[in-house]
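Notes follow once the structure below has been shown.
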Amino acid sequence: MVSERMKGLGTARSVIRELFEYGNARAAQIGRENVFDFSLGNPSVPSPAAVNETAIRLLQEQPDQIHAYTSAPGAADARQRFASSLDRRFGANCTADRLYLTVGAAASLCCVFNGLTCPGDEFIVFAPYFPEYKVFIEGAGAKMVLIPPEIQGFQIDFDAFEGAVSEHTKGVVINTPNNPSGVVYSKATLERLAQILTEKSAAYGHPIYLISDEPYREVVYTGVEVPWVPHLYRDTIVCYSFSKSLSLPGERLGYILVPQDVTEGDDVYAAVSGAGRSLGYVCAPSLFQQVTSLCCDLTSDIQVYETNRDLLVSSLREMGYHVVEPGGAFYLFPRSLEPDDVAFSERAKQFELLLVPGTGFGAPGHVRISYCVQTDMIRRSLPKFKALADSYK
Ligand code: PLP
């Protein structure tokens, strides 16, 4: 006898993985250069040189300590460096003892959902959304309430949102820059969200926490501003990761920040830490606690993502695709050329284009293009996108 829920999660098909595997099989048949795989969100640019240099230096200088356990929420010196960096860069006014280091944004989110959830609690999520949120929220015993997408600009449908907030709402999740739309919420969007949350918290007599999932915080393009969310809404909890900003997804390093001003902040931090303990997310990888904290003011060179975005947005628009321009991350979320995005993704395969259907992100009628790939591949893919569009004429 095993847990049916876990068995279900362990055996459920992942559309993204299936596409990726299909791409590998197809590459073996027709050559890698003839398959245009836009399925995965693995950063394509290397980490800054300082990352590897720091890792090598630490391995040489501290061979007897660098692999040791640290304290459960992370080494004190690493946490202090992150806190100082956030203060310097955002005026965050944060202290090391409100940072909990863990294995990426995924674990950060799980610790927060598990730490906050009481029986009957709900978390609101805006489509399009990172599908693992549902797994994480339900895994914590809470209910996910999904707000349909605002498809003109992928900001927030505030009418739908206001209608969904209730006494059961424990938190609201945002992800900006966004996976899968690449859109950055404007300051006006965040201010309106903050205003509603403040009013609703007062009306229901308890704080509604804003969980800001920020793995793409630094992956933003020229002229785009990503506001520091805790400045706009006091009860914000930040979940961060170095997977994208430093191109380190396999090293599994991120953190939770419970800012000083958060309501019942000491309890929230204690509960998040307790959730980390209960889930086994203690003592994040010690080498990379040090490496990331020594390199946390750096970002990988994301110029190629911007080049790729510009090329794709202008080319696809010329071909007649409807595209909302992303301000960051490395995803584009155009409308599919027929209402059924799954059928559209299947048709795209005939042109060797691997595009992820939007249904899994809560936004049917769209597909996700991960453009963290070589620019040359994008150039070579353009005739395929054109042929795909022409096939609908
Ligand atoms: N949140 C979003 C929106 C993501 O896109 C991802 C990964 O792609 C994660 C969280 C998880 O990232 P991590 O590698 O830090 O666990």
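Numbers at a glance
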| quantity | calculated |
| --- | --- |
| From the options Val313, Val324, residue that is in contact with a strand residue (DSSP E or B) (Cβ under 8 Å, 6 or more places away or on another chain), in the same structural domain as Gly23 (by TED's automatic domain parsing) and either touching a residue at least 12 places away in the same chain (Cβ under 8 Å) or more than 21 Å from Gly41 (Cβ to Cβ) (or both) | Val313 |
| Which numbered condition Val135 fails, given (1) under 28 Å from Gly41 (Cβ atoms); (2) of a type in the set (A, V, I, L, M); (3) assigned to a helix (DSSP H, G or I); (4) without any contact (Cβ under 8 Å) to a residue 24 or more places away in the chain | (4) |
| One residue from Tyr209, Tyr221, Tyr216 being buried (at least 23 other Cβ atoms within 10 Å of the Cβ), under 29 Å from Cys295 (Cβ atoms) and in the same structural domain as Cys110 (by TED's automatic domain parsing) | Tyr216 |
| Residue among Thr299, Thr307, Thr292 that is polar (S, T, N, Q), assigned to a helix (DSSP H, G or I) and within 16 Å of the ligand (Cβ to nearest atom) | Thr292 |
| Single match in Val258, Val324 (criterion: more than 16 Å from the ligand (Cβ to nearest atom), of a type in the set (A, V, I, L, M, F, W, C) and under 29 Å from Thr117 (Cβ atoms)) | Val258 |
| Filtered residues of region 328-339 (kept if touching a helix residue (DSSP H, G or I) at 6+ places or on another chain (Cβ under 9 Å) and not aliphatic (A, V, I, L, M)) | Gly328, Phe330, Phe333, Pro334, Arg335, Ser336, Glu338 |
| Enumerated helices (runs of 4 or more DSSP H) restricted to region 1-98, each holding at least 1 residues that are of a type in the set (A, V, I, L, M) and closer than 29 Å to Gly360 by Cα | 4-11, 15-30 |
| Test: residue in region 54-72 that is over 30 Å from Ser14 (Cα atoms), within 16 Å of the ligand (Cβ to nearest atom) and assigned by TED's automatic domain parsing to the domain that holds Ile174 | no |
| Tally, over region 226-243, of residues that are under 17 Å from the mean Cα position of the chain (by Cα) and either closer than 14 Å to Val173 by Cα or among the acidic types (Asp, Glu) (or both) | 6 |
| Conditions (1) within 30 Å of Ala387 (Cβ to Cβ); (2) outside any helix (DSSP H, G or I): number failed by Gln260 | (1) |
| Single unsatisfied condition, Pro48 versus (1) more than 16 Å from the ligand (Cβ to nearest atom); (2) over 30 Å from Leu354 (Cα atoms); (3) touching a Cys at 6+ places or on another chain (Cβ under 7 Å) | (2) |
| Filter result for Val342 (surrounded by fewer than 22 Cβ atoms within 10 Å (Cβ to Cβ), in a loop (DSSP other than H, G, I, E, B) and not assigned by TED's automatic domain parsing to the domain that holds Leu248) | no |
| Close pairs (7 angstrom Cβ cut-off, 6 or more residues apart or separate chains): assigned by TED's automatic domain parsing to the domain that holds Glu346 and under 15 Å from Leu353 (Cα atoms) in region 29-44, among the aliphatic types (A, V, I, L, M) and within 14 Å of the ligand (Cβ to nearest atom) anywhere | Ser39/Ile16; Ser39/Val356; Leu40/Ile16 |
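The values are calculated or read from the model by the stated rules, or taken from the named source; none is laboratory data. Everything numeric in this text was worked out from a predicted model, so none of it was measured. A quick note on method: Cβ atoms are made from the backbone with ideal geometry, for glycine too, and the neighbour counts reach across all protein chains shown.
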